[in-house]
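These notes concern the structure reproduced below.
The values are calculated or read from the model by the stated rules, or taken from the named source; none is laboratory data. It should be emphasised that the depicted structure is a prediction, and the values quoted were computed from it without experimental measurement. Methodologically, a virtual Cβ is constructed for each residue, glycine included, from the backbone with ideal geometry; neighbour enumeration extends over all protein chains shown. Please note that ligands, DNA and RNA were not included when accessible areas were found on the heavy atoms of the full protein model with its side chains. Shrake-Rupley method; radii C 1.70, N 1.55, O 1.52, S 1.80 Å.
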Amino acid sequence: MKENDSDYVVVKALEDGVTVIGVTRGTENKFLHTEKLDDGEVWIAQFTENISAMKIRGKAIIQSKHGEINSGK
């Protein structure tokens, strides 16, 4: 997979302390990277050969080519 071919995900924090966690690919999934966002901050992430999933904690808007979803309560 070329890096340019990977999907992008946009996370916009709707409160302070939103956490974005990147999870690795493979037989054992491991947390690879954690980022904390404050209200209004935007994180643009890309799925790669190493990152296959993301976990988002807190109130945020997540946008991808598949649509938009809100996390948190």
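Evaluate the charge dipole of the chain about its Cα centre and quote only its size in Debye, nearest 20, assuming +1 on the Cβ of each Lys and Arg and -1 on the Cβ of each Asp and Glu. Could the numbers behind the result be given before it?
Values: 10 positive and 12 negative charges, 52 e Å.
In total the dipole reaches around 240 debye.
If a paramagnetic tag sat 7 Å from the Cα of GLU15 along the Cα-Cβ line, which residues of segment 47-73 would have the backbone N under 16 Å from that point?
Output list for this probe position: 56-62, 70-73.
Considering only protein heavy atoms and a 1.4 Å probe, what is the carbon-and-sulfur percentage of the accessible area of the chain? Numbers along the way, then the final one.
Details: 2430 of 5170 Å².
Carbon and sulfur atoms account for 47 percent of the accessible area of the chain.
Given the options LYS36, LYS12, LYS55, state which has the largest fluctuation in a GNM of the chain using a 10 Å cut-off (strictly under) for Cα springs.
LYS55
Cα extents of the chain along the three principal axes, largest first, in whole Å?
That gives 33, 24, 17 Å along the principal axes, largest extent first.
Taking the Cα-to-Cβ direction at ASP7 and at LYS73 and moving 7 Å from each Cα, how far apart do the two end points lie in nm?
Distance between the two pseudo-spin positions: 2.8 nm.
GNM on the chain, C-alpha springs below 10 Å: top fluctuator among VAL11, VAL42, VAL20?
Result: VAL42 has the largest fluctuation of those listed.
Give me the 1.4 Å probe accessible area per residue for the chain, excluding ligands and nucleic acids, in Å². Kindly include the intermediate steps, with their values, before the conclusion.
Numbers: 5170 Å² over 73 residues.
Here the per-residue accessible area is 71 Å².
For the chain, what is the relative contact order in percent, using Cα pairs closer than 8 Å and at least 6 residues apart in sequence? Kindly include the intermediate steps, with their values, before the conclusion.
Numbers: 165 pairs, mean separation 28.5, N = 73.
Relative contact order, the chain: 39 percent.
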